[in-house]
Amino acid sequence: MTAPPSEQDGDLRARLVAAGVELVTREGVHALGLREIARHAGVSHGAPRRHFPTHRELLAAVARQGFGRLTDLLAGADALAVTTGGDARTRIEALARAYLGFAAANPRMFELMFRHDLLEGSGSELRRTTLPLFLTFVGLVAEVHPWCDDPTAATAALWANLHGLAQLRASGSLRLATGSDGLDSLLRTSLDAHLGPSAR
């Protein structure tokens, strides 16, 4: 007869993920060794294997927490834009600002979320989390450009631009090139380049 799981075992998965989130937020991706996460969660180094057969699966679970926060932030920004009567372009700008804001406020988690070399093998799980975000952008881009033959490619190009801005700011390269970390002008220029000039 199998003994019922203990209270400690029952919340082990959540404790490990929470420990990983805290470590990556405080120290960065380099701190997410399996032993370090286990030590931070207060369990033996072998305990994570009960819920995460591989280290990458545990890292993917930590990254999903980041994507969950980003999803909530973008949903809030989009809802506010809709409430205030924003059109598709205005909603895209609100989403873009929220995306860049998340990257600035959570640089270490943001790095992990896009470290596919570390998360390889967990793509289907992360895809279920991230695809709805991307499709929201695709729908809005298609609304701004109803004549666009491939709104998915157009959205990917816009996202690549936004992600590049986030990465350049995080690395300090943006300040070296422009003398500032400010993104307002660059964001407007990027949106104009991908969506056409706005009516200002």
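Mind checking the per residue accessible area of the chain for me, 1.4 Å probe, whole number of Å²? Show your work: numbers first, answer last.
Values: 10840 Å² over 200 residues.
Heavy-atom accessible area per residue stands at 54 Å².
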query: Given labels modelled 7 Å from the Cα in the Cβ direction, how far is it in nm from residue 189 to residue 13?
result: 4.7 nm
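Kindly give Rg over Rh for the chain, based on alpha-carbon atoms, with the Kirkwood expression for the hydrodynamic radius. List each step's numbers first, then the result.
Values: Rg = 19.7 Å, Rh = 18.7 Å.
Rg/Rh for the chain comes to 1.05.
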message: Quick check for me: using +1 on Lys/Arg Cβ and -1 on Asp/Glu Cβ, what's the dipole size of the chain about its Cα centre, in debye to the nearest 20?
response: 420 debye
Residues residue 171 and residue 44, FRET efficiency given R0 of 41 Å [Cβ-Cβ distance, rounded to 0.05]: 0.65
- prompt: Between residue 128 and residue 181, what FRET efficiency comes out of the Förster formula 1/(1 + (r/R0)^6) with R0 = 30 Å and r the beta carbon distance, rounded to 0.05?
  reply: 0.35
task: Return the whole-Å distance between the Cα centroid of segment 152-200 and the Cα centroid of segment 69-111.
output: 14 Å
field: Full-stretch length increase - residue 79, residue 147 - with 0.36 nm per residue and alpha-carbon distance subtracted
entry: 21.9 nm
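Taking 0.36 nm per intervening residue step and subtracting the Cα-Cα distance, what contour gain separates residue 160 from residue 135 on full extension?
Details: separation 25, 0.36 × 25 = 9.00 nm, distance 1.47 nm.
Length gained between residue 160 and residue 135: 7.5 nm.
The values are calculated or read from the model by the stated rules, or taken from the named source; none is laboratory data. Remember, it's a predicted structure, so these values are computed and weren't measured experimentally. Cβ atoms come from the backbone with ideal geometry, glycine included; neighbour counts cover every protein chain shown. These accessible areas exclude ligands, DNA and RNA; they are computed on the full protein's heavy atoms, side chains included. Shrake-Rupley method; radii C 1.70, N 1.55, O 1.52, S 1.80 Å.
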